Structures are given as C-alpha cells and as structure tokens.
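So the structure is just underneath, and the comments pick up after that.
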Amino acid sequence: MKIVAIVGSIRKESYNRKLAEYVQKRYQAKMDIEVLNIKDLPMFSEDIENDPPSEVKQFRGKVAEADAVLWVTPEYNYSISGVLKNAIDWLSRGDKVLIGKPSWIMGASMGALGTARAQGHLRDILFSPGVSSPLLPGNEVYVGAVHEKIDAAGNLTHEPTVKFLDTVVDNFIQWFNRQSQLMKQ
Ligand code: FNR
C-alpha cells in the first residue's frame, strides 16, 4: 500500500514531521509511506489554478498516485496551519485528486489536547465537496506533550502511544481493505 503523508508544519524541527517519519520507519513492512514536502507550494489563487507552477503539478501527481493519505497536523490557533489549508486548497481544484482517496489523521502538540481542535476542523474540510476524502472512523491520534514523548533521534519513547499507534495502523489497514472491496462491488 502506497501512502503519502502530508505534514502541516514546515518547521525544520517539526514534531509532526518527526511523528510522520517515525510512523514511516516503524511500519515500513506494512506500508510504503512517502512524506511529502509542502514548503515550496505557492499560495493558492484562482488566477493561476489552471496553469499552476511545477511544484503544484508534482504535488498533485504524488497524491494522485497514492492509495491513501496520512495527514499529520499541528494545531495553530485552534485550527490547522495556513500551509496545510493552502495545500488542501490546491488539491481540491483541477483534477480534485482527493475525491474518494482514503485518509487518516494524526497530530502532535506540546499541549495536553494533542491537536484535537485542529483535527476536528480537518475532518470538516475533508468532508467538503472538492475534497470528499473518506476518513478512517475513530482512531483519533492526539499526541499531547509530544516534547516529552520523543527522543533526539525522533523515536517515540512513550510506550502507550506506540502501542496505540500499532493498533491504529492495523485498524487503518483493515478499514482500507474493506473500502477497496466496497469500491470493487
Ligand atoms: C501554536 N501552538 C499551538 N498549540 C496548541 O496546542 N494549540 C494551539 O492552538 C496552538 N496555536 C499555535 C499557533 C501558532 C501560530 C504557533 C506557531 C504555534 C503550538 C504548536 O502546537 C507547537 O508550536 C508545535 O510544536 C507545532 O508543530 P510542529 O511544528 O512541531 O510540527
């Protein structure tokens, strides 16, 4: 299964990027995850949407080729970051490559709620007509106090979180396979 991870932080030392890379490494026998870079996407404008820059074409192409999308979101002012919304806006136009593409969500913050509010907003956005991405129900991965749960090498050191991730990954694979069966019917 080929998955693209879209991380909503472009910060060099982003915890969310570290979380995405940890998931990529830990579950590599079960899924092939490519962590995409949204740093170089221009700001979306309808003026350029019909002939977008090459960064946008490449980004859309990678999402189109993937079987599923893993969203790894920070929380900015109780919502998703501007860069993540911008990336979704690009994907929601043109070939609308997210329509029907299965998704799942994770997020990490230093606060206690682990991006719960941002993830609620992201769920709403994924439901919009131009996005329409079926989302893994339940399995809400809120990694709070992330700075205490990850070491300098980017490994999650908090055993309950790792165990929960193990369960979520298996649940995602089962749900994805069921979705694929339904699509074939
Ligand atoms: C934050 N942060 C934050 N945290 C949170 O739990 N709820 C929030 O609403 C906000 N709001 C917010 C706004 C802005 C503009 C910034 C820069 C930060 C803190 C945020 O969770 C923290 O910086 C994370 O480390 C960001 O994720 P990355 O970059 O580590 O992946």
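No value in this document is a laboratory result; all are computed from the given coordinates. Every value quoted in this text rests on a predicted model; they were computed, and no experiment measured them. Cβ atoms come from the backbone with ideal geometry, glycine included; neighbour counts cover every protein chain shown.
Just to be sure I follow the definition: excluding the sites themselves, where is the longest run in the chain that has none of the chymotrypsin sites (Phe, Trp or Tyr not before Pro) in a DSSP loop with at most 13 other Cβ atoms within 10 Å?
Result, exposed sites excluded: 1-77.
Please go through the stretch 27-67 and write out the trypsin sites (Lys or Arg not before Pro) that DSSP classes as loop and that have at most 14 other C-beta atoms within 10 Å.
Taking the stretch 27-67 and a limit of 14 other Cβ atoms within 10 Å, the loop trypsin sites (Lys or Arg not before Pro) found are Lys30, Lys39.
Using only Cα atoms, what Kirkwood radius does the stretch 3-101 have, in angstroms?
One decimal place: 14.0 Å for the Kirkwood radius.
Say the dipole of the stretch 102-185 comes from +1 at the beta carbon of Lys and Arg and -1 at that of Asp and Glu; which of Met183, Thr115, His158 then lies farthest toward its positive end?
Going by the Cα projections, it comes out as Met183.
If the cut-off is 13 Å between C-alpha atoms, which aspartates and glutamates fall inside it for Lys96, apart from same-chain ones fewer than 8 positions away?
Partners within reach: Glu49, Glu65.
Past 20 Å, Cα to Cα, is the threshold; run Lys18/Lys57; Lys2/Lys62; Lys30/Lys85; Lys57/Lys101; Lys39/Lys85 against it and keep the listed order.
Values: Lys18/Lys57 26 Å; Lys2/Lys62 10 Å; Lys30/Lys85 29 Å; Lys57/Lys101 18 Å; Lys39/Lys85 12 Å.
In this structure, Lys18/Lys57; Lys30/Lys85 exceed 20 Å between Cα atoms.
Which value, in debye to the nearest 20, describes the size of the charge dipole of the stretch 2-184 about its Cα centre when Lys and Arg Cβ atoms bear +1, Asp and Glu Cβ atoms bear -1, and nothing else is charged?
The calculated dipole for the stretch 2-184 is roughly 320 debye.
Filter the GluC sites (Glu not before Pro) in the stretch 26-97 down to the DSSP loop ones having no more than 12 other Cβ atoms within 10 Å, then list what survives.
Loop-located and lightly packed - Glu46.
Please report the relative contact order for the chain, taking Cα pairs under 8 Å with a sequence separation of at least 6, and give it as a percent rounded to a whole number.
The value is 21 percent.
Can you give me the orientation-averaged projected area of the convex hull built on the Cα atoms of the stretch 80-175, in nm²?
6.8
Compute for the stretch 2-184: radius of gyration divided by Kirkwood radius, i.e. Rg/Rh, restricted to C-alpha atoms, rounded to two decimals.
Rg/Rh for the stretch 2-184 comes to 0.95.
What are the ³J(HN,Hα) couplings of the stretch 69-78, residue after residue, when phi is run through the Karplus curve with 6.51, -1.76, 1.60 and θ = phi - 60°? Round to Hz, x for glycine and proline.
Those phi angles translate into 10, 9, 8, 10, 10, x, 10, 10, 6, 6 Hz.
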